[in-house]
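What follows is a single structure, written as structure tokens, with notes after it.
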Amino acid sequence: MLLFVCITGLIAHVIRCERLIKIKTAQLSKAHKKHTKVLHQAEEANSRLESLQKMGAVGLMSGMLAHEIRQPIASIQLYGRGIQRIIDGGVGAIKANAEDIQNAVYLIDQQCSKINAIVEKVRSYSKSKSSRNQVLNLKTVVQESILNFRTSRKNQVDIRLKGPSSILVSGDKLELELVLVNLLRNSLEAQNTDSILPIDISISTEKGLALITISDQAKAMSQEEIWKIEKPLNSSKAKGLGLGLPIVKSIIEAHGGKITFRPNIPKGLIVEIQIPCLGEEGEE
């Protein structure tokens, strides 16, 4: 009887083990199929994500081209209308203002060259050949950016610049000009007043970094509002695309730097740009 019980128990154990093995095999097979499906879904998701990233890059470049090309086009329009007003005055007005016409034509040619440079810059982005190793005098870059910005505005602007006469940085001149013109445009457009409020720009160095600080006296902004305008495709302007600040941020980061925004007390905004500094000479 004992032997019979042992044999019966052994048979039952073997049957139970076979049943458990079949169950585990089925579970493993199911898990393997599920894992394979998840991997396939992940590959499809990555493929979609890559496609979206490519589309986003194309959209960003298109937005950058449209966004940045408007400034020189506005300048060309302004000079063209000025020339047209002189022409409407007749031959006498043309002769009397010959020097102004010549100067306007020269400035139009300059703005056309800038449009061409912007187009070439976008093309270089698409080929991943952007060069940011030019040695630049930051003071000169800022001064030229201010001049380009002023020529594109119909109304007067009050921009005050202070800092050393020479701070050397490594970068791309056109990209840095685009950054500064964008920030100046944002500061000016944020002024909801008929009076001309000053925009202050200071350049300095600190711990191996070149600092550009832009402060305005426009409307008061909370930290939450500042966080909001930093997000892509989120503009505080009624017809804005929200491309300006993301473009600015990407350019500064590509130069090995960073950009920060903080409220200007009691009102306005302070923007600080930090990029690596190569050296400093003289004070002004």
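Need pairs with beta-carbon distance below 6 Å; first residue open to solvent by 30 Å² or more (accessible area, probe 1.4 Å) and within region 249-265, second acidic (Asp, Glu); sequence gap 6+ or separate chains.
260/272
Which of the residues that make up region 246-268 are on the phi > 0 side of the Ramachandran plot and modelled with pLDDT of 85 or more?
256
Condition check ((1) open to solvent by 20 Å² or more (accessible area, probe 1.4 Å); (2) among the aliphatic types (A, V, I, L, M); (3) modelled with pLDDT under 85; (4) touching a strand residue (DSSP E or B) at 6+ places or on another chain (Cβ under 6 Å)) across all residues:
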residue: 102; (1), (2), (3), (4): yes, no, no, no
residue: 133; (1), (2), (3), (4): yes, no, yes, yes
residue: 145; (1), (2), (3), (4): no, no, no, no
residue: 174; (1), (2), (3), (4): yes, yes, yes, no
residue: 179; (1), (2), (3), (4): no, yes, no, no
residue: 191; (1), (2), (3), (4): yes, no, yes, no
residue: 201; (1), (2), (3), (4): no, yes, no, yes
residue: 204; (1), (2), (3), (4): yes, no, no, yes
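For region 248-267, name all the residues that are of a type in the set (S, T, N, Q) and under 14 Å from residue 212 (Cα atoms). It would help to see each step written out before you state the result.
The initial filter retains those residues of region 248-267 that are of a type in the set (S, T, N, Q), namely 250, 260, 264.
The one that is of a type in the set (S, T, N, Q) and under 14 Å from residue 212 (Cα atoms): 260.
May I ask you to verify whether residue 187 is closer than 25 Å to residue 158 by Cα, open to solvent by 20 Å² or more (accessible area, probe 1.4 Å), modelled with pLDDT of 75 or more and not charged (D, E, K, R)? Show your work before the answer.
Working: closer than 25 Å to residue 158 by Cα: yes; open to solvent by 20 Å² or more (accessible area, probe 1.4 Å): no; modelled with pLDDT of 75 or more: yes; not charged (D, E, K, R): yes.
Here the answer is no, as residue 187 does not meet what is asked.
The values are calculated or read from the model by the stated rules, or taken from the named source; none is laboratory data. Please read these numbers as outputs of a predicted model, since none were measured by experiment. Cβ: placed from backbone, ideal geometry, glycine included. Neighbour counts: every protein chain shown. The accessibility values were calculated without ligands, DNA or RNA, using every heavy atom of the protein model including side chains. Shrake-Rupley method; radii C 1.70, N 1.55, O 1.52, S 1.80 Å.
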